């Protein structure tokens, strides 16, 4: 039964791979907000006529029945459009730096997090954004399908004056990075169409209009139009026929820009990694290349991550040089893993000799018994990027004398079962880490912990990092010394839009991070 639960948890993990202003809102904005319900049931907006490749307006998909509240709906489309309607406590910038929005500061001290709210912020109807609204929104997030797991460490939320106090079960020095969640009115956290406080509010029909009373207002389009869709597939089809001209690609999608489309990419915390099975078999011996820290570190040093990002992911990913995302301020230049292969042939030969291996006549390593080292690399072949990455890893390690057999599983369930049962030496996996760099999926009992060696030294370094993010460099040193798994790449998120649209700035917190530079130009 325990094994079944572990299998189910791992399958679930893999399946996941999947404003404000000091002035009162204008009467027009207030009227738009108060009539939101009738506005969005009165039929489609009159979208300007647009020729192929020459859009004149931004047209997004939306599902009326799903509404606009990301706490009341698990729809990714609702989350996408919420970035226009609702301000968050914080956002992560395109370079993954922390940017305070409705929160003025967030301070973590042990199990207590103190959130100070920015003053003068209002909803579109002119009412102020309060700490009570922020606390209610955090509570709504805790019980929502989308955010509940993210806030599983939270035990209590309370508001007093302009401050929200959050009590945690365990320290989390990076808690602020989890707070890129929308703040809704305390009385509307379950409403289908909550009152906006962001850069846009509800228009007279199926459209969004600019909310100039927002302190974060910018020179984006005056109107953004909405086209009704009932599913992700219908949205992609709508894009193909031109009824809408931008959508956020699903985590599962393997997009490629067609003649009339362009893909923009933004950094995420989706980690593509090389899982290492260090668990001794019931019979026989396992290679010290897998069971020893030196062997696992050698594997990491022989991998050219820059080549993987460029060739297997067509630059839709970037090298992972540690257990913390390279772009986080707390690590800065503290990573000790290089993006390219780190060892010369002579250095690799010396390290392999120390592990008991020598080269055979064909140029591959063998043990003292004359048995060729052969590592089984498992990959889900239904994902083109990972399948190509497996081919490149076989070539890179093969060039260093390590023979690799790639085992492809075309059925995702079969692949998941093989991983969960430890039927691999190496495998290419992917996990969506929370923005606070929660590594628990790789620790004992975690969804991605199968076969991975557990280290007390690494667990201690991680606990220190959770208590104080200034110890991030020490965590990276401890991780590199143990190398329980090999970080390969951080995968990018994808926004697909028509070729005539340019200047969109996206981030992991908000694909509409900035519309300031948005332009509509005729395709060349």
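Once Rh for the stretch 267-492 is found with the Kirkwood sum over Cα pairs, what is the Stokes-Einstein diffusion coefficient at 25 °C and 0.890 mPa s, in µm²/s?
Diffusion coefficient, whole number: 138 µm²/s.
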Protection proxy ranking, peptides 271-278, 193-200, 76-83, average beta carbon neighbours within 10 Å, highest first: 193-200, 271-278, 76-83
Fraction of beta bridges assigned by DSSP in the chain that are antiparallel (%, nearest 5): 80
Highest average packing first - 138-149, 172-183, Cβ atoms within 10 Å: 172-183, 138-149
Where only alpha carbons of the chain are counted, the Rg and the Dmax (Å): 24.9, 84
Segments 55-66, 407-418, 423-434 sorted - mean Cβ within 10 Å per residue, highest first: 423-434, 55-66, 407-418
Computed [θ] at 222 nm, deg cm²/dmol, the chain (DSSP H ≥ 4; -39,500 (n - 2.57); rounded to nearest 500): -7000 deg cm²/dmol
Rg/Rg_ref, the stretch 147-208, where Rg_ref = 2.2 N^0.38 Å and atoms are Cα: 1.43
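Read the figures in this text as sums done on the coordinates, not as results from a lab. Every value quoted in this text rests on a predicted model; they were computed, and no experiment measured them. A quick note on method: Cβ atoms are made from the backbone with ideal geometry, for glycine too, and the neighbour counts reach across all protein chains shown.
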